[in-house]
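Here's the structure we're looking at; comments come further down.
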Amino acid sequence: MAASLPDKLRQLLDRPVFVTVVTVQPDGRPQASPVWVKRDGDDVLVSTTVDRRKAKNLERDPRVSVVVVDPDEPYTYAEIRGTAAMTTEGGRELIDELSVKYSGRTYEQFNPASVNDAQRVVVRITPEKVVGTLSS
């Protein structure tokens, strides 16, 4: 069952705050990646490429956690536990939107080597549980 994000957490995710996405490796160990993030209602969107470990992990096992820490209040945090769905549709548009949010430039301007990136995917994370100091 989907969970709702509290207003304070929504506001934090709307800022250019880095989050850590945690996926499950084939051997069961966690794999963590700091990423840019966007919110779409209660869903959390991140961008990656099809050849990255987190995409491969999510394709095999869609369980995911997203850890959000307020950089202005480091004891204020949330862990969003949920499931991920991936699509290539809108992948390039999302990375450009995130790059403008975080750097003020398109992704190609921010990272010129990105023209050689593998295909971009949108990872849509649907929250099932929110824990931490931002959970209510």
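Derivation of every value follows stated rules applied to the coordinates shown; laboratory data play no part. This structure is a prediction, so every number in the text was calculated from the model and none was measured. Cβ: placed from backbone, ideal geometry, glycine included. Neighbour counts: every protein chain shown.
Any idea what the dipole of the chain comes to, in debye rounded to 20, about its Cα centre with Lys/Arg Cβ at +1 and Asp/Glu Cβ at -1? If you can, show how the numbers build up before the last one.
On the way: 19 positive and 20 negative charges, 58 e Å.
For this selection, approximately 280 debye.
Share of Cα-Cα pairs in region 30-70 beyond 11 Å, in percent?
71
For the chain, modelled as a GNM with alpha-carbon contacts under 10 angstrom, which of 28, 90, 41 fluctuates the most?
Answer for the Gaussian network model of the chain: 28.
Most exposed first by the Cβ proxy, i.e. fewest other Cβ within 10 Å, how do 122, 50 rank?
Ordered by Cβ neighbours within 10 Å, fewest first: 50, 122.
With each pseudo-label sitting 7 Å past Cα toward Cβ, what's the residue 4-residue 51 distance in nm, one decimal?
The modelled label-to-label distance comes out at 4.4 nm.
How fast does region 1-72 diffuse by Stokes-Einstein, in µm²/s, taking the Kirkwood radius from C-alpha pairs at 37 °C and 0.692 mPa s?
Numbers: Rh = 13.1 Å.
Reported coefficient: 252 µm²/s.
Over the Cα atoms of the chain, Rg to Rh with Kirkwood Rh, two decimal places? Mind dumping the intermediate values first?
Values: Rg = 14.4 Å, Rh = 15.1 Å.
My calculation puts Rg/Rh at 0.95.
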